[in-house]
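Below is one structure, written out as structure tokens; comments come after it.
The values are calculated or read from the model by the stated rules, or taken from the named source; none is laboratory data. Since we're looking at a predicted model, the values are computed, not measured. Note that we place each Cβ from the backbone using ideal geometry, even for glycine, and neighbour counts take in every protein chain shown. What goes into the accessible areas is simple: the full protein's heavy atoms, side chains included, and nothing from ligands, DNA or RNA. Shrake-Rupley method; radii C 1.70, N 1.55, O 1.52, S 1.80 Å.
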Amino acid sequence: MIINSEQRLATVLAAIRELRERGGTVPRKDFYTDKIAAVWARARGASAYAKLGDYSPDAFAALPVTRKDQLKSDPWGFVAASIEDSVKYYETTGTTGTTTPTPRLADDIIWNTVSVACAWQDVLRADDRVLSLLPSDIVPVGDLVAAVCEHLDLLHARAYPFATGISDWDRLARLWATLRPTALFLAPGVAMQVTRLFKQRGLLAELAASVRTIMLLGEVSVPAMRARLGHWWGATVYNASYGSTETGTLAATCRQDRLHLLTSANYCELLTPQGLVEVSGPGTGRLVVTPLNLHARPLLRYDTGDDVVVTTGCPCGTATPDVTVLGRAADGLRVRDSLLTPYLVEEIVYGETTATSYLLEAAPDRIRLLLERDVDANRSTEPERAIAVRDAFRHQAGLDGTEVLFLNSLPATTKSGGSQKSWKRSNIRILEAS
Ligand SMILES: [Zn+2]
């Protein structure tokens with residue numbers, strides 16, 4: 001982190017005090033009132049929120065949600081700070097290809113880093129050697145992991161295997177053998193690719209030996225995929241975090257591999273058929289958040305577009321609610337009378353088979369599932385696995401007659417983890433009706 005003044009050091013200490021002291025507790029109402037009032041005041045500096053009157057709890061309660069398309073169509077309209085005051089500049093690439101400029105102030109980075117570090121320190125160990133296989137350029141995720149490692153004083157290296165001219169799979173394997181990482185940070189799709197590659201080279205057992213923790217982030221992963229990866233690597237695999245470049249981190253894993261809402265850093269509501277309701281107990285709906293520590297681009301009641309299930313009572317003992325992210329509401333695929341979601345399909349694929357990726361070919365009246373067989377797959381079991389997949393689609397999705405085919409390889413694009421990227425672009429091929 002960029003700490004070069006007493007003022008920034010004071011910010012770090014304030015963040016540690018506020019976030020560590022609260023730990024996994026749910027803040028009281030007056031905490032939110034004060035924090036939201038401050039976000040509100042900062043937001044009024046952005047043209048998109050310039051018409052807001054003075055803050056009051058009633059004014060906040062009457063405020064409509066900020067939709068993603070509003071932000072995407074006028075990203076600078078939501079920026080409340082000057083670019084000269086920013087210390088980092090990122091961009092996100094939406095599924096449509098348009099980019100959202102994302103400047104960050106030191107305050108944004110410090111608060112998010114401390115918030116995530118407080119959560120991850122429960123699953124990381126002081127003697128961990130961290131290898132981050134996340135991209136370092138343009139998007140913030142690589143910087144976040146590095147900043148958390150710095151904050152927690154963990155040895156770490158970055159080696160994104162697609163950084164042309166710097167890193168590739170050969171270089172990665174050599175670095176791996178020297179560093180002997182104990183904890184990996186990477187996207188689920190890259191985890192699948194690196195597993196296949198090391199298996200093909202006969203290196204997996206040797207390189208997996210030092211690894212005890214795998215932190216998946218950047219895309220949503222389903223429990224079945226994490227269990228599969230955990231088995232292959234002999235490691236504990238966590239869904240490390242959930243959030244976006246726009247919002248910062250909204251939830252982080254606990255030791256039980258559940259995503260707890262970071263309720264001291266975000267005010268969370270659910271959009272339900274009954275309207276917006278504060279997240280206080282179990283529920284389902286679309287997650288709407290007011291991040292409490294955004295400075296460069298404050299957001300009020302931002303609709304994430306993600307359908308979530310909120311539960312409480314995690315066995316880890318943390319009092320904050322945890323979420324299961326089902327993916328984007330718009331990402332569902334209708335086949336006959338059934339709605340297929342990325343979550344449902346991936347639970348079946350990675351739960352019933354050892355496939356390393358999949359392509360779903362869908363017509364209005366039928367689906368065909370192409371599965372990429374694992375490098376060391378036992379082909380004699382494939383007919384039996386195909387029946388298990390067909391049965392699962394019948395029982396869980398109400399879809400009969402799913403055709404299942406195993407192939408030696410599928411395009412790398414299918415490994416990009418559907419749930420938070422564009423599932424329909426990466427893992428679906430639409431066919432004509434027969
Ligand atoms: Zn927990």
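For this structure, a couple of remarks:
- Meets criteria (within 16 Å of the ligand (Cβ to nearest atom) and open to solvent by less than 20 Å² (accessible area, probe 1.4 Å)) for V325: yes
- Residue check, S210 in contact with a strand residue (DSSP E or B) (Cβ under 7 Å, 6 or more places away or on another chain) and of a type in the set (S, T, Y): no
- Close pairs from the stretch 314-337: first under 30 Å from D400 (Cβ atoms) and among the polar types (S, T, N, Q), partner in a loop (DSSP other than H, G, I, E, B) and within 16 Å of the ligand (Cβ to nearest atom), Cβ under 9 Å, at least 6 apart: T324/R258
- Among the residues making up the stretch 220-254, those that are farther than 23 Å from T92 by Cα and polar (S, T, N, Q) are T236, T253.
- Here the helices (runs of 4 or more DSSP H) wholly within the stretch 25-139 that include at least 3 residues being open to solvent by 20 Å² or more (accessible area, probe 1.4 Å), aliphatic (A, V, I, L, M) and assigned by TED's automatic domain parsing to the domain that holds A240 are 29-43, 57-62.
- Scanning the stretch 307-322 for residues that are part of a strand (DSSP E or B) and open to solvent by 10 Å² or more (accessible area, probe 1.4 Å) yields D307, V309, T311.
- Qualifying residue in the stretch 281-297 (condition: within 16 Å of the ligand (Cβ to nearest atom) and touching a Leu at 6+ places or on another chain (Cβ under 6 Å)): no
- Within the stretch 148-181, tally of residues that are in contact (Cβ under 8 Å) with a residue 40 or more places away in the chain and open to solvent by less than 10 Å² (accessible area, probe 1.4 Å): 2
- A search for C-beta distances below 6 Å between a residue of the stretch 11-35 that is at pLDDT below 95 and any residue that is of a type in the set (A, V, I, L, M, F, W, C) and not in a helix (DSSP H, G or I), counting only pairs 6+ apart in sequence or on different chains, returns G24/A319; T25/A319; V26/A319.
- All conditions but one from (1) surrounded by 17 or more Cβ atoms within 10 Å (Cβ to Cβ); (2) at pLDDT 95 or above; (3) touching an Asp or Glu at 6+ places or on another chain (Cβ under 8 Å) apply to A187; the one that does not is (2).
- Annotation note: of A319, A362, the sole residue that is farther than 25 Å from L229 by Cα and within 16 Å of the ligand (Cβ to nearest atom) is A319.
To keep it simple, each residue is scored yes or no on (1) within 30 Å of R297 (Cβ to Cβ); (2) away from the ligand (no atom under 16 Å from the Cβ); (3) at pLDDT below 95.
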{"position": "W176", "(1), (2), (3)": "no, yes, no"}
{"position": "A183", "(1), (2), (3)": "no, yes, no"}
{"position": "L207", "(1), (2), (3)": "no, yes, no"}
{"position": "L229", "(1), (2), (3)": "no, yes, no"}
{"position": "S241", "(1), (2), (3)": "yes, no, no"}
{"position": "S244", "(1), (2), (3)": "yes, yes, yes"}
